[in-house]
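Student: One structure is given below, represented as structure tokens, and several questions about it will come after.
The values are calculated or read from the model by the stated rules, or taken from the named source; none is laboratory data. Given the structure is predicted, the values throughout are model-derived calculations rather than measurements. Cβ: placed from backbone, ideal geometry, glycine included. Neighbour counts: every protein chain shown.
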Number of protein chains: 2
Amino acid sequence: LRLVIPLFPQVTTLDAIGPYAVLALLPQAEVVFAAATSGPVTDDGGNAVLHAPAAFADVDGCDILVVPGGPGARALLTDEETLTFVRRMSATARWTTSVCTGALLLGAAGLLRGRRATTHWAQTHRLAEFGATHVPERVVADGTVVTAAGVSAGIDMALTLAARHTDRTTAEAIQLLLEYDPRPPFSAGSPASAPPAAHERLRAGLR
Amino acid sequence: LRLVIPLFPQVTTLDAIGPYAVLALLPQAEVVFAAATSGPVTDDGGNAVLHAPAAFADVDGCDILVVPGGPGARALLTDEETLTFVRRMSATARWTTSVCTGALLLGAAGLLRGRRATTHWAQTHRLAEFGATHVPERVVADGTVVTAAGVSAGIDMALTLAARHTDRTTAEAIQLLLEYDPRPPFSAGSPASAPPAAHERLRAGLR
């Protein structure tokens, strides 16, 4: 079972690591972090540096493609090298997935046409540009394409996928190992539940 | 606001990246990943490699210390270099925190004596060795020492801490940005809720 996770400058690290934490535990999983050029890749905060041992050209296919998002995804929506890689991996994959604005990369690669999908709440209006229909759910599966909402939704997506790809008991065992029994201390994880002051603080740039 | 996250071989990546994703968004946050020797650090799955730009000796203090766990923590429970670093950082820190079996490192460093604490559900019996009292909650705050349960609990811990260190609205704004509105597809995230078959699959090694 080969999992490929493309990395790029200004990726959001948790978009990649949430699903990785789950899917790397599937039986016989092999995980490949890949980037346009192999080597270190710095994230959106400029603080976390993940190593990509493989260049895009080194990877011939995969079973599961997980495309993370982040501010850096925007610049790649017209980057043919990245989009070609995403298309090429998806063509070999059993499952094509995204987290957060990784969905826009799937869209720009032409992989969401006519599909139901989701992305980070602040970007859902963009899905229509790529011929996709936004479904306001945390994880949206349309055939073999599974998209997740923003950042932390990648964990829920990966557990859903683990059950579909392997079986429910395996997914539950992984959830138990990761002690994924979330208890957010506040109710602010969606635009509808977050209080106006939290929206305002975010708009002001969290400074 | 300086956040220090020590890394070590066979760390669990999500233990570090969950809190990082939250706390790096605090106003004026600076994040330092540190290791005994600076450079790449390979995680428990052998697949994710995070870069530590700083060696322990390079870091003179911090405001928030986040100690992640993982299988590699076990070997460090008697490693004086690591324990000295943890002690030294904690002495300067406003908050000393851990995720998963990172609590055992705090314990071995002598920082949990007489305190209430938690760790990964499979290791809670070990807290007593370090003079700590296990509290069966996802996040346990005892004064300035805040410990989280297994792996994914680091996200809940960090949101709790963000509110205490800055303010609740900032924590809520971060939760909104990360779209942390968890919807686990199964109820298997704690030993009590996981079905017997999931426990059995985990004991069999997820093969």
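Student: Return the residues of region B:26-38 that are more than 9 Å from every other protein chain (Cβ to nearest Cβ) and either in contact with a strand residue (DSSP E or B) (Cβ under 6 Å, 6 or more places away or on another chain) or not in a loop (DSSP other than H, G, I, E, B) (or both); say none if nothing qualifies. Reasoning before the result, please.
Tutor: Of the residues in region B:26-38, the ones more than 9 Å from every other protein chain (Cβ to nearest Cβ) are B:34-38.
If the condition is that a residue be more than 9 Å from every other protein chain (Cβ to nearest Cβ) and either in contact with a strand residue (DSSP E or B) (Cβ under 6 Å, 6 or more places away or on another chain) or not in a loop (DSSP other than H, G, I, E, B) (or both), then B:Ala34, B:Ala35, B:Thr37, B:Ser38 are the ones that fit.
Student: Across region B:39-67, which residue is nearest to the other protein chains (Cβ to nearest Cβ) among those that are within 29 Å of A:Arg2 (Cβ to Cβ) and under 16 Å from the mean Cα position of the chain (by Cα)?
Tutor: It comes out as B:Leu50.
Student: Could you list, in sequence order, the residues of region B:9-23 that are crowded, with 24+ Cβ neighbours inside 10 Å and not in a helix (DSSP H, G or I)? Can you show your working first?
Tutor: Going through region B:9-23, the residues crowded, with 24+ Cβ neighbours inside 10 Å turn out to be B:11-23.
Those that are crowded, with 24+ Cβ neighbours inside 10 Å and not in a helix (DSSP H, G or I): B:Val11, B:Thr12.
Student: From the list A:Thr78, A:Thr92, A:Thr37, which residue is among the hydroxyl-bearing types (Ser, Thr, Tyr), in contact with a helix residue (DSSP H, G or I) (Cβ under 8 Å, 6 or more places away or on another chain) and surrounded by fewer than 18 Cβ atoms within 10 Å (Cβ to Cβ)?
Tutor: Selected residue: A:Thr78, the only one of A:Thr78, A:Thr92, A:Thr37 that is among the hydroxyl-bearing types (Ser, Thr, Tyr), in contact with a helix residue (DSSP H, G or I) (Cβ under 8 Å, 6 or more places away or on another chain) and surrounded by fewer than 18 Cβ atoms within 10 Å (Cβ to Cβ).
Student: Given region A:68-124, what helices (runs of 4 or more DSSP H) lie entirely inside it while holding 2 or more residues that are hydroxyl-bearing (Ser, Thr, Tyr)?
Tutor: A:80-92
Student: I've got another one for you. Between a residue in region A:157-181 that is under 12 Å from A:Leu25 (Cβ atoms) and facing chain B (nearest Cβ under 7 Å) and any residue that is in a helix (DSSP H, G or I) and basic (Lys, Arg), which pairs come within a Cβ distance under 7 Å, given they are 6 or more apart or on different chains?
Tutor: A:Thr170/B:Arg201; A:Ala173/B:Arg201
Student: Could you list, in sequence order, the residues of region B:182-192 that are free of Cβ contacts under 8 Å to residues at least 24 places away in the same chain and within 7 Å of chain A (Cβ to nearest Cβ)?
Tutor: Selection gives B:Pro182, B:Arg183, B:Pro184, B:Pro185, B:Phe186, B:Ala188.
Student: Looking at (1) surrounded by fewer than 24 Cβ atoms within 10 Å (Cβ to Cβ); (2) free of Cβ contacts under 8 Å to residues at least 40 places away in the same chain, which is the one condition that is false for A:Thr118?
Tutor: Among (1) surrounded by fewer than 24 Cβ atoms within 10 Å (Cβ to Cβ); (2) free of Cβ contacts under 8 Å to residues at least 40 places away in the same chain, A:Thr118 violates only (1).
Student: Among A:Gly150, A:Gly154, A:Gly70, A:Gly131, which is the only one that is modelled with pLDDT of 95 or more and either more than 14 Å from chain B (Cβ to nearest Cβ) or over 19 Å from A:Asp44 (Cβ atoms) (or both)?
Tutor: A:Gly131
Student: Sticking with this structure for a sec: Between A:Val59, A:Val31, A:Val66, which is crowded, with 24+ Cβ neighbours inside 10 Å and closer than 25 Å to A:Gly143 by Cβ?
Tutor: Result: A:Val66 is the single residue among A:Val59, A:Val31, A:Val66 that is crowded, with 24+ Cβ neighbours inside 10 Å and closer than 25 Å to A:Gly143 by Cβ.
Student: Okay, next question. Which ones in region B:173-207 are under 19 Å from A:Thr119 (Cβ atoms) and acidic (Asp, Glu)?
Tutor: Matches in region B:173-207: B:Glu179, B:Asp181.
Student: Quick check on this structure: which one of B:Thr37, B:Thr97 is under 30 Å from B:Leu176 (Cβ atoms) and in contact (Cβ under 8 Å) with a residue 12 or more places away in the chain? Give the derivation first.
Tutor: Working: B:Thr37 fails: under 30 Å from B:Leu176 (Cβ atoms).
On inspection, the qualifying residue turns out to be B:Thr97.
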